[in-house]
Amino acid sequence: MTIRSATFAISAHTFAQCPESELPEFAFIGRSNVGKSSLLNRIAGKGPLAKVSATPGHTKMINFYTINGEWSLVDLPGYGFAQKDLADRERFQQLILDYLGGRENLVSVFVLIDSRHPPQKLDLEFTRWLLMEDVPFVLVFTKTDKPSASEVKKNVQLFTDTFAELGISPPRMFLTSSETGAGRIELLKFIQDELAALEEE
C-alpha cells in the first residue's frame, strides 16, 4: 500500500463526538511511552501526524486521520498513563471502552507493546478484555531496534505462551521500529488485506 495522503479529520473528547463515517477504521493503542505517536508518523510517511511528547499520556482524546481518502487511522488515548486527576483518568479510560465496544466500522485494533519488556499487567488485562468483548486485534511490538534480537524474541514468546495458557491461538504479531522503519510495510500490507476482504463481503 502506498500512502498518497494522510490528513487530520477530527478530535473527539467523548464517544458522541466521534464522526459519522463509513470509512473502515484501524485503531492504535498502547501503554504510555510505548512509542505510539512515533510509529503512527512512520506509518503515514507524510510528515508528522501525531505529536510526539516526552510526557506519558499526552493523547487525551480520540484523533481521527483519513488515509488515501479510503480508511481512517484512529489514535486512541494510552491506557494506564500517569494522570494525577482520578476523574480525568477514568473519563479517558471510559472513552476508550466506549469506542472499542461501540464503533461499528472498527476493523481492527493495533495493540502496541514495548518489545523491551516482558508482558506487563496492563497489557495482559487489556488484551483479555478485547478477547472477552470479541474485538479484533493484533499485537505490534515497538522499539525492536533497542533491545537485542534474542530479548525481543523472548518477550514475544512470553506473550505467545500467555495466549496458549488461555487455550486460544495468539493474534497476528508484528515487530516494528519507528527509528528504522521495520514493520511498516507489513502493517500496511495487513491493512490492505483487511480492506480487500471487506470489499469481497
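The values are calculated or read from the model by the stated rules, or taken from the named source; none is laboratory data. Quick caveat: nothing in here was measured; it's all calculated off a predicted structure. Every residue, glycine as well, gets a Cβ built from its backbone with ideal geometry; the counts of neighbours run over all protein chains shown.
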Checklist entry - Looking only at the stretch 173-195, which residues are touching a Phe, Trp or Tyr at 6+ places or on another chain (Cβ under 7 Å) and either in a loop (DSSP other than H, G, I, E, B) or under 14 Å from residue 44 (Cβ atoms) (or both)? => result 176, 183, 187, 191
Checklist outcome for this item: Within the stretch 136-172, residues on the phi > 0 side of the Ramachandran plot and modelled with pLDDT under 95 come out as 167
Checklist outcome for this item: Here the residues within the stretch 62-79 that are over 11 Å from residue 7 (Cα atoms) and either in a loop (DSSP other than H, G, I, E, B) or among the charged types (D, E, K, R) (or both) are 70, 75, 76, 77, 78
Next on the checklist: So in the stretch 78-102, with the set limited to residues that are out of contact with any helix residue (DSSP H, G or I) (no Cβ under 8 Å at 6 or more places or on another chain) and among the charged types (D, E, K, R), which one is modelled with the lowest pLDDT?
Outcome noted: 84
Next on the checklist: Test of understanding: among 148, 108, 115, which residue is closer than 29 Å to residue 13 by Cα and of a type in the set (S, T, N, Q)?
Outcome noted: 108
Checklist entry - Mind checking which residues of the stretch 42-77 are hydroxyl-bearing (Ser, Thr, Tyr) and at pLDDT 60 or above? => result 65, 66, 72
Next on the checklist: Being surrounded by fewer than 17 Cβ atoms within 10 Å (Cβ to Cβ) and under 30 Å from residue 104 (Cα atoms) is the filter here; which residues of the stretch 171-184 pass it?
Outcome noted: 172, 173
Checklist entry - Taking residue 163 and the conditions (1) part of a helix (DSSP H, G or I); (2) within 15 Å of residue 108 (Cβ to Cβ), which numbered condition does it fall short on, given that it satisfies the others? => result (2)
Checklist outcome for this item: Over the stretch 143-177, the set of residues polar (S, T, N, Q), in contact (Cβ under 8 Å) with a residue 40 or more places away in the chain and under 16 Å from residue 128 (Cα atoms) is 162
Item to check | Matching option when the condition is loosely packed, with under 13 Cβ neighbours inside 10 Å and either under 25 Å from residue 118 (Cα atoms) or touching a Gly at 6+ places or on another chain (Cβ under 7 Å) (or both), among 161, 145, 193 | outcome: 161
Checklist outcome for this item: If we keep only residues of the stretch 120-142 that are in a helix (DSSP H, G or I) and not aliphatic (A, V, I, L, M), then the residue surrounded by the fewest Cβ atoms within 10 Å (Cβ to Cβ) is 121
Checklist entry - Only one of these conditions is not met by residue 196: (1) within 22 Å of residue 106 (Cα to Cα); (2) touching a Leu at 6+ places or on another chain (Cβ under 9 Å). Which number is it? => result (2)
